[in-house]
């Protein structure tokens, strides 16, 4: 009970995210970059049954989000759902979870900022990667530092781009099937899906392997659980965001995949090319590749933006619950005048940028090893020196 009161007193952040922001971010959170770039590869593994893989994985994601949503509904003052691990399993497990989750999101940020440079070089191949990364990291860092309302607005429009792209794919599929549109692969028809249908056309192992690719598409679906303490009227907004996840998965993933396979027989799909590019080129969009590159660029930028938001809130929470000399020195537990954990955001952004700017593989390995060794030392100190043995903590 004392721990619950302690957490509630610390929630001083501004509730600047509206229902509009949260609902659209929740939709975008279920749509990963993997759908745009990896759909061809995943379809080639197991054919039309890839839809089943997406639905099964989506079902597990919904159960996870349902559990997170119920806990946050009970206490919407929490900055992160990781806090409930501390509350119900003990400080040791909570400490391990929040540090490991923060590090994992930092690594995601490193991957996203690297991808951003690659997508920008599609148009400007002579631009150095490090310059692109610094520019995007600075801009999105400022978005996070100004005010949470600005962050919500930027994420809203990033999300709308992904949503419109998928709606365009579904609408294109419906139009081509209803008109019997002729393509180099034959007529667009639902028969392209049903003819010679097999649950495991390439064997059961490929069906299982498709799951790991599909999991990537659902990356950061739990992000909506980090925004609760800064959402207006969260007990009204959060249930709707969570309850509609199954419908969003069925409509956006199921609809897009069925549209692709109705237009192009799945055995004809290239595993290396984006099926979105292929479909839009079939209807006459010569700039389809540039269009999809823009969509995945905004998707990666959105992911980096969310990464900065999430890592900042988690480091802020760590600085409150388990402060150390470093976190105290950088004042990671303080808020700016706009009620944003600016020092925690800046520290996370610096780590993401530092590790990403070193293009040499050996340097990246060193950075990762440093991150993990630092984390392990902190965990050892927390469990054994500050609080006794792990058994005593729990």
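Structure values in brief
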| read-out | value |
| --- | --- |
| Two-site FRET efficiency, residue 243 against residue 175, from Cβ-Cβ distance with R₀ of 22 Å, rounded to 0.05 | 0.10 |
| Percent of C-alpha pairs per 5 Å bin, segment 69-225, short to long | 2, 6, 8, 11, 14, 15, 13, 11, 9, 7, 3, 1, 0 |
| If the convex hull is drawn through the Cα atoms of segment 180-271, its volume per residue in Å³ | 143 |
| Volume of the Cα convex hull of segment 20-83, divided per residue and given in Å³ | 110 |
| MRE, 222 nm, helices only [DSSP H, n ≥ 4, -39500 (n - 2.57), over the chain, to nearest 500] | -22000 deg cm²/dmol |
| Alpha carbon centroid spacing (whole Å) that separates segment 62-114 from segment 232-305 | 27 |
| Value of Rg to Rh for segment 280-360 (Rh from inverse mean 1/r over Cα pairs, i.e. Kirkwood) | 1.24 |
| Rg to Rh, two decimals, where segment 238-303 supplies the alpha carbon set and Rh follows Kirkwood | 1.06 |
| Stretchable slack from residue 291 to residue 339, in nm (0.36 nm times residue separation minus alpha-carbon distance) | 13.6 nm |
| Helix 148-179 axis, angle to the chain major axis (alpha carbon atoms, nearest 10°) | 20 |
| Cα convex hull of segment 54-139, projected area averaged across orientations, nm² | 8.4 |
| Order of 82, 170, 250 under a 10 Å beta carbon neighbour criterion, fewest first | 250, 170, 82 |
| Inter-site label distance for residue 194 and residue 142 at 7 Å from Cα along Cβ, in nm | 5.6 |
| Cα long-axis angle, helix 204-217 against the chain (0 to 90 degrees, to the nearest 10) | 60 |
| In degrees, nearest ten, helix 50-74 long axis to first principal axis of the chain (Cα) | 30 |
| Calculated FRET value between residue 205 and residue 126, using beta carbons and R₀ = 51 Å, to 0.05 | 0.75 |
| Length-normalised contact order of segment 217-334 in % [C-alpha pairs under 8 Å, at least 6 apart] | 18 |
| Calculated P(r) tail over 15 Å for segment 109-148, as whole % of Cα pairs | 41 |
| Relative contact order for the chain, counting Cα pairs under 8 Å that sit 6 or more residues apart, in percent | 35 |
| Sites residue 271 and residue 56 - FRET efficiency at Förster radius 25 Å, r taken between beta-carbons, to 0.05 | 0.70 |
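Bear in mind these aren't lab numbers, they're just calculated from the coordinates by the rules spelled out. A quick note: this is a predicted structure, and the numbers were derived from the prediction, not measured. Here Cβ is always computed from backbone atoms with ideal geometry, including for glycine, and neighbour counts include all displayed protein chains.
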